[in-house]
Each structure stands twice: as C-alpha cells, then as structure tokens.
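Read-outs throughout are calculated quantities, based only on the coordinates presented, and are distinct from any laboratory measurement. These figures come from a predicted structure and were not determined experimentally. Methodologically, a virtual Cβ is constructed for each residue, glycine included, from the backbone with ideal geometry; neighbour enumeration extends over all protein chains shown.
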Amino acid sequence: MTLSDQNDAAVYVGLDIGGTKFLVASADAQCRILDRIQEPTPQSLDDGLNALNRMIALVSKGRKITSMGAAIGGPLDWKKGIVSPLHQPEWRDVPLKTIMEERWKSPFFVDVDTNVAALGEYHFGDERAPRFLYLTLSTGMGGGFLIDGKIFRGMDGGHPEIGHQSINFQCSYPERVVCECGAGDCLEALVSGNGIRRIYEKPAEKLSQQEWEEVAYNLGQGLRNLSAVYLPDVIVLGGGVAIGGGEPLLAAAVKQMEKRLHIVPAPQVRLSRLGHDTALLGAIAIALHGLD
Ligand SMILES: [Zn+2]
C-alpha cells in the first residue's frame, strides 16, 4: 500500500462528549488510533456542535468517514439518537444522530457513556467475561452491563440507573447526602465526584484517609447489591474518582462487599486498564460494530 492509498483509506471516528471535556479520535479498520484531540466542553449547544464538527474534520483529515460512534451522558434515546445529557444543561432533546448524519453523510451511533465505556473495555481492554459490569465514578456515577458483549437494556430500551440505588451508608455529614435525582440515600450521592464535593466540601483528590474509608465503605455496599442482583463474573471500575482512589479504594470496597455478600459468589473486581480513554475507545468500537 502506498502512502496515498493510506490517506484515501476510510476512517472511523469516535467521540466522547463529556460535561467537562470533548475527546475525538479517528481509527482505521484494525482499531488503530490515527489522530486524537481534546478540548474543554463549551457552554452553549451551538458552540458545542461547532466544536465537535471542527474536531471531526481535524481527525478525519478529509478522508471518507465510514461510520461514527459517540458516548454522552444520559438520558437519551439511543435508537433515535436524541440526547439530553444531565451535566450539559443547554443540550435538551438534541437530535444528534440526525444532525451528524446529515452533516457528515455517514452512520452515527450514540449511547449512554457508561454503556459505551463497557464496550470499550470489552473490545479494547480484552475483557471477555460473559456477564460484565462496568462502573464509572467520575462527575456522576453509573454503569453498563454486558451479557456476552451485548448491552443489557431495560424497559423500552432504557438504561438501568444503578447509581440511584438506595444504600445503607456511613457518612460523617449525613445531612449533606442529597442526590441530584432528589433522594437522600443514593449510591451516586456518596461516591461520585459531585457527591463527594457536596459532602466533604472538596474534590476527591483532597480527601483524608478517613474520608476515603467512608467512600470505600459506601462503594462496597453498592458492589454488594449489584453482585447480588446481577451476579456478574467481573466488575471493572473506571472514571476519575476510581482512578484517583486507586488500589486502596478498590481493596477497601471489595472487603466491605465480601463481608456482606452471602449465598451468591463474589465477582472479580478490578480497576480499568484504559485510564481516561475508556468511553472514547468504546465510541470507536460502536462506530465499527454499531449498536443493538
Ligand atoms: Zn439518585
């Protein structure tokens, strides 16, 4: 193959459309990343769409785009590609699939970031467990459950909101445990970046040892519930808070989970090996494989 053939070769594009940053990358049919760029998330919807189009043009470099995949916060309708990401207040009922397919003349797939990240682990992290649960602890908290590599969906194609399960928590400031959904005992309110800020009045990276122990205890209760209900073979934790807490957070949470998980076997629990790129890689995976 000559250099000009390579330049003409079709590319796949993946987008991780986050509340704080946009990541866009191009890849070839062998899933090799060709170009990758990152920008802060603009405030307005128009600026956001313009930024995404500019980033797509930069990574695709004029080559034909075979297909695109995107990860974005919920809620959304994955079949119609209409998105309303909770942490991007100006994005409400945006027909992202239609907008992108008309602009780029290529198929565009979009799903909840945690589902997409789970697929990133499956296709790029060599995670092949038949029942696989990915959990992200970042600004918010949620998960994606794969059965034989396929996304588990709820009623009407809905996304199970595992961050909004009630847990029996430990917290030095119980009056500050208030979830964005309105409940006062959600897992997300205790272990997400936003929840940690609200409770401890500082970001996760500034938590003391004792405060991390509370987070680990609460995460352990969530892991126990999820293990009892889903019986996953493997749970992988990703996102900034999980990566920041690292192995000590993981070990303490697993200890709590195992202490109270009876009758059903405990899953293997580990940290993501893909760092901050899990959702971006998953977006490339859905560009290549589509969604169902
Ligand atoms: Zn909630």
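List of remarks:
- The string of couplings for region 216-233 from the Karplus curve (6.51, -1.76, 1.60, θ = phi - 60°) is 5, 4, 5, 4, x, 5, x, 4, 4, 4, 5, 5, 5, 8, 8, 6, x, 6 Hz, one whole number per residue in order, with x for Gly and Pro.
- Put a plus charge on the Cβ of each Lys and Arg, a minus charge on the Cβ of each Asp and Glu, and nothing anywhere else: the dipole of region 80-128 about its Cα centre is then about 260 debye.
- Degrees between helix 240-260 axis and first principal axis of the chain (Cα, 0 to 90, nearest 10): 40 degrees
- Taking 39, 101, 175 as the candidate residues, the one with maximal mean-square fluctuation in a Gaussian network model of the chain, Cα springs under 10 Å, is 175.
- Extension gain for residue 33 to residue 233 (0.36 nm times residue separation, less C-alpha to C-alpha distance): 69.1 nm.
- 3J(HN,Hα) from dihedral phi, region 74-84, Karplus parametrisation 6.51/-1.76/1.60, rounded to Hz, x for glycine, proline: x, x, 7, 10, 5, 6, 7, x, 9, 10, 9
- Taking amide H positions as modeled 1.01 Å from N, with prolines and chain starts lacking one, the residues under 5 Å from residue 109 and 5 or more places away or on another chain are 68, 69, 70.
- Förster radius 25 Å - calculated FRET efficiency between residue 264 and residue 213 (Cβ-Cβ, nearest 0.05): 0.45
- For region 221-289 and region 28-101, distance of Cα centres in Å: 26 Å
- For the chain, the relative contact order comes to 21 percent (Cα pairs under 8 Å, sequence separation of at least 6).
- Set of lysines near residue 80 by C-alpha distance (under 29 Å), chain-local residues within fewer than 8 positions excluded: 21, 61, 64, 97, 105, 150
- Between residue 50 and residue 178, the modelled label-to-label distance comes to 3.6 nm, taking each label 7 Å out from Cα in the direction of the beta carbon.
- Here the dipole of the chain is about 260 debye; that uses its Cα centre as origin and unit charges on the Cβ of Lys and Arg (positive) and Asp and Glu (negative).
- Protection proxy ranking, highest mean first, for peptides 48-54, 17-23: 17-23, 48-54, where packing is the per-residue count of other beta-carbon atoms within 10 Å, averaged.
- For region 107-119, putting each phi into the Karplus relation 6.51 cos²θ - 1.76 cosθ + 1.60 with θ = phi - 60° gives couplings of x, 10, 10, 9, 8, 4, 3, 6, 5, 5, 4, 4, 5 Hz, in residue order, rounded to whole numbers and with x for Gly and Pro.
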